[in-house]
Structure formats: C-alpha cells, structure tokens
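A short worksheet on the structure shown next.
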Amino acid sequence: AQSVAQPEDQVNVAEGNPLTVKCTYSVSGNPYLFWYVQYPNRGLQFLLKYITGDNLVKGSYGFEAEFNKSQTSFHLKKPSALVSDSALYFCAVRAPGTYKYIFGTGTRLKVLA
Amino acid sequence: ETGVTQTPRHLVMGMTNKKSLKCEQHLGHNAMYWYKQSAKKPLELMFVYNFKEQTENNSVPSRFSPECPNSSHLFLHLHTLQPEDSALYLCASSQDAGVQETQYFGPGTRLLVL
C-alpha cells in the first residue's frame with residue numbers, strides 16, 4: 001500500500017538557521033513526490049515536486065528537497081529559515097497509474113525570531 | 001491567490017439540513033478534486049473529476065454528492081451530515097489528472113455540523 005510518513009508533528013528552528021522537514025514514503029514503482037505548504041486559513045500552496053532527473057529539486061521561496069531512493073525519503077530543506085516560513089508543511093506522493101495523492105499528516109514548522 | 005475560489009468560507013449546518021459547497025477555478029484546468037482535512041489526520045481525497053467525468057470516489061458516504069457541470073465548476077452537495085463530518089473541505093484543480101500534475105488548492109470551506 002502507498003503511504004507517506006512525516007515523523008515530526010512540529011519542528012522548531014531559530015531564524016537564520018537551516019531547516020529540515022522530514023518525509024519518507026512507500027509506493028510501488030517510481031514515485032512522484034510533492035511538497036505543499038499551508039498558512040493559517042488558507043489552502044495548500046505548491047512548493048516543489050520531484051518527477052524524474054536530478055535528485056535535488058529547487059522550489060519556491062528558497063526551499064529545496066532531496067530525493068533519496070535508497071532511503072525512500074524526500075526531505076524538505078532551506079539553508080536559512082525566516083519567521084514567515086512558519087506554517088504547516090505537507091509531503092505527498094503519487095504512484096504511476098493512480099489519480100490519488102497520498103498526503104502525510106503534516107509538520108508544523110515554527111521559526112523563532 | 002491560486003486561481004481557485006471556494007464559497008462559502010464558513011458553514012454551520014444541522015444534521016437535517018441540505019447545503020452545497022461551490023468551487024470555481026480560473027486556470028483553464030481540466031481536473032478538479034475534493035479533499036477533506038481533519039485535525040491530526042492526512043488530507044483525504046474524496047472525489048476526482050477529469051474532463052467532467054468522475055474518475056475516483058474514495059469510498060465516500062452517499063451523504064456527500066459531487067457535481068461537476070463543466071471543467072471550471074465543482075460542487076459538493078451535503079445532506080443529513082454527521083458531527084464527525086465537521087472539517088475543512090478543500091477543492092483543488094490541475095491541468096489534468098496525470099500523476100505529474102501539480103494541484104492548485106482553494107482556501108477551503110470550514111464546515112461545522114451541529
């Protein structure tokens with residue numbers, strides 16, 4: 001069965017420090033991986049996706065993610081966190097041949113000034 | 001703004017009421033989706049429409065009834081809901097329902113069932 005795990009409910013990081021939000025997945029076949037962010041009272045906004053090619057994917061707002069096939073991970077990273085990055089982050093996976101997005105439970109990122 | 005709008009933004013209804021949620025996308029997309037977001041749970045895909053045809057019904061109770069009259073509009077008709085149906089309902093769209101496609105989400109309708 002397809003699944004996505006975000007092992008941390010919350011991540012706290014000081015402003016200016018690097019941040020990592022973890023995601024691991026389980027899917028049959030080659031995965032298509034996505035990160036979305038949700039600000040309060042807003043819908044999800046797309047950050048980046050991995051389809052194929054370079055394992056390091058760069059996205060919006062300075063975020064990037066690294067696809068690691070051997071560890072089945074797709075961790076979201078940013079070199080220097082901003083207070084405005086504080087939000088709820090969702091990892092999602094789609095398997096070939098399905099219409100379904102499988103989302104993780106979300107990780108709340110709190111960047112402290 | 002993502003180009004996907006949802007109305008109403010908030011809705012309170014009793015268990016015997018009938019109401020409808022509306023979603024409209026201005027992106028020229030051909031696929032539209034309904035999701036349910038409950039606290040501490042992953043987003044749950046409810047329905048998928050691709051070129052106005054329903055392609056996915058993720059075992060959703062019949063008290064939720066979707067309607068897609070054209071590629072730009074999607075409705076979710078609600079009747080005889082239960083308190084556990086209280087959640088944020090998100091609409092999304094994508095160019096089509098292909099696996100590579102990015103979904104664009106509306107702001108959601110926060111539903112409270114009393």
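The values are calculated or read from the model by the stated rules, or taken from the named source; none is laboratory data. The model shown is predicted, which means the values in this text are computed figures rather than measured ones. Please note: Cβ atoms are built from the backbone with ideal geometry, for glycine as well, and neighbour counts cover all protein chains shown.
Within the group A:Pro40, A:Pro7, A:Pro79, A:Pro31, which residue is touching a residue at least 60 places away in the same chain (Cβ under 8 Å), surrounded by fewer than 20 Cβ atoms within 10 Å (Cβ to Cβ) and not charged (D, E, K, R)? Full working, then the answer.
Values: A:Pro40 fails: touching a residue at least 60 places away in the same chain (Cβ under 8 Å); A:Pro7 fails: touching a residue at least 60 places away in the same chain (Cβ under 8 Å); A:Pro31 fails: surrounded by fewer than 20 Cβ atoms within 10 Å (Cβ to Cβ).
Being touching a residue at least 60 places away in the same chain (Cβ under 8 Å), surrounded by fewer than 20 Cβ atoms within 10 Å (Cβ to Cβ) and not charged (D, E, K, R) holds for just one of A:Pro40, A:Pro7, A:Pro79, A:Pro31, which is A:Pro79.
Which of (1) over 22 Å from A:Leu44 (Cα atoms); (2) surrounded by fewer than 17 Cβ atoms within 10 Å (Cβ to Cβ) does B:Leu78 not meet, given it meets every other one?
Status for B:Leu78: all satisfied but (2).
List the number of the failed condition for B:Arg9; all other conditions in (1) buried (at least 19 other Cβ atoms within 10 Å of the Cβ); (2) within 15 Å of A:Gly43 (Cβ to Cβ); (3) of a type outside the set (A, V, I, L, M, F, W, C) hold.
It fails just one condition, (1).
Any idea which of B:Ser38, B:Ser94 is exposed (fewer than 14 other Cβ atoms within 10 Å of the Cβ), within 24 Å of A:Thr107 (Cβ to Cβ), within 14 Å of another protein chain (Cβ to nearest Cβ) and touching a residue at least 12 places away in the same chain (Cβ under 8 Å)? Write out each step before concluding.
On the way: B:Ser94 fails: exposed (fewer than 14 other Cβ atoms within 10 Å of the Cβ).
The conditions single out B:Ser38.
Of everything in the range B:1-33, what is touching a Gly at 6+ places or on another chain (Cβ under 7 Å), within 13 Å of chain A (Cβ to nearest Cβ) and more than 14 Å from B:His77 (Cα to Cα)? Give them in sequence order.
Within the range B:1-33, B:Thr2, B:Val4, B:Thr5, B:Gln25, B:Leu27 qualify.
If B:Glu53 passes every condition in (1) within 13 Å of chain A (Cβ to nearest Cβ); (2) more than 30 Å from A:Asp9 (Cβ to Cβ); (3) touching a residue at least 24 places away in the same chain (Cβ under 8 Å); (4) surrounded by fewer than 17 Cβ atoms within 10 Å (Cβ to Cβ) but one, which one does it miss?
Here B:Glu53 meets the rest and fails (3).
So how many residues does the range A:13-28 have that are surrounded by fewer than 20 Cβ atoms within 10 Å (Cβ to Cβ) and either among the aromatic types (Phe, Trp, Tyr) or not in a loop (DSSP other than H, G, I, E, B) (or both)?
5
Scan (1) surrounded by 20 or more Cβ atoms within 10 Å (Cβ to Cβ); (2) away from every other protein chain (no Cβ under 14 Å) for the single condition A:Lys110 breaks and write down its number.
(1)
Being assigned to a strand (DSSP E or B) and either at pLDDT below 85 or touching an Asp or Glu at 6+ places or on another chain (Cβ under 8 Å) (or both) narrows it down to one of B:Leu21, B:Leu45, so name that one.
When all the criteria are applied, what remains is B:Leu45.
Given the criterion touching a residue at least 60 places away in the same chain (Cβ under 8 Å) and either within 14 Å of the chain's Cα centre (by Cα) or within 13 Å of B:Val113 (Cβ to Cβ) (or both), identify the matching residue among B:His29, B:His79, B:His73.
Exactly one residue qualifies, and that residue is B:His79.
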